[in-house]
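Participant: One structure, pasted below without further comment.
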Amino acid sequence: MSIFLSYSRGDAQQADDWVANLEKFGYRVWIDRAGIRGGQQWNATIVRSIKEAQALILLLSPNSARSDNVRREIDLAVEAKKPIIPIEIQMTAMPENLQYQLAGVQLLQVWRSPRGGLPLVLAALKQAGVERGDARVVEATPGRPGSGEANVDLAELGNLGFLSKIAFWRRKSV
């Protein structure tokens, strides 16, 4: 994973838009609604996801400024020495509980020019050294002898652990 997205539920639509835009440019983005499966401990999953991320993007708004969960995520990112890229999606007075953690960090005020915001964020990600996700080539292993099958372990393709194996058959020319 390359980016952890910290946001408030009140900004869910804007969070989804940012995820879609960043993914169009090849970035892998972790967002809590898509990254936590049923039965998982969400707090442990969030901590692990922040530690594994290359950077944290904060969607700063009046909603996120009031969120205890967002503050905790920022605290964890600072503790893990992760670059933080704060994107101000609505004009927001910086609360004291975030001022210390974000002191000296350039705030990207995209609400002033929503269309111009994405290039600023892409430049910040590049400067922070965040890598884009590359497509991986996975070799097929031979299937049953003489069957013409090849097996590909889909777990090798990424976070597809719910699938185990799938067989691809080649049609013989007639």
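Participant: Report the residue count in segment 18-31 for those that are without any contact (Cβ under 8 Å) to a residue 24 or more places away in the chain and surrounded by fewer than 15 Cβ atoms within 10 Å (Cβ to Cβ).
Facilitator: Step one: filter segment 18-31 for residues without any contact (Cβ under 8 Å) to a residue 24 or more places away in the chain, giving 19-20, 23-24.
Right, trim to surrounded by fewer than 15 Cβ atoms within 10 Å (Cβ to Cβ) and you get 20, 23-24.
Summing the residues that are without any contact (Cβ under 8 Å) to a residue 24 or more places away in the chain and surrounded by fewer than 15 Cβ atoms within 10 Å (Cβ to Cβ) in segment 18-31 gives 3.
Participant: Can you tell me which residue is modelled with the highest pLDDT among those in segment 1-48 that are among the small types (Gly, Ala, Ser), within 15 Å of residue 72 (Cβ to Cβ) and more than 13 Å from the chain's Cα centre (by Cα)? Walk me through how you get there before you give the answer.
Facilitator: The initial filter retains those residues of segment 1-48 that are among the small types (Gly, Ala, Ser), namely 2, 6, 8, 10, 12, 15, 20, 26, 34-35, 38-39, 44.
If we keep only those that are within 15 Å of residue 72 (Cβ to Cβ) too, we end up with 6, 8, 44.
So of that shortlist, the ones also more than 13 Å from the chain's Cα centre (by Cα) come out as 8, 44.
Working: 8: 94, 44: 81.
Once the filter is applied, the top-ranked residue is 8.
Participant: Return the only residue of 59, 98 being surrounded by 18 or more Cβ atoms within 10 Å (Cβ to Cβ), aliphatic (A, V, I, L, M) and modelled with pLDDT under 95. Outline the logic, then answer.
Facilitator: Details: 59 fails: modelled with pLDDT under 95.
Criteria check complete, one pass: 98.
Participant: Report yes if residue 129 is at pLDDT 75 or above, within 17 Å of the chain's Cα centre (by Cα) and on the phi > 0 side of the Ramachandran plot, otherwise no. Steps first, please.
Facilitator: Details: at pLDDT 75 or above: yes; within 17 Å of the chain's Cα centre (by Cα): yes; on the phi > 0 side of the Ramachandran plot: yes.
Yes.
The values are calculated or read from the model by the stated rules, or taken from the named source; none is laboratory data. Computed from a predicted model, the values in this text were never measured in an experiment. A quick note on method: Cβ atoms are made from the backbone with ideal geometry, for glycine too, and the neighbour counts reach across all protein chains shown.
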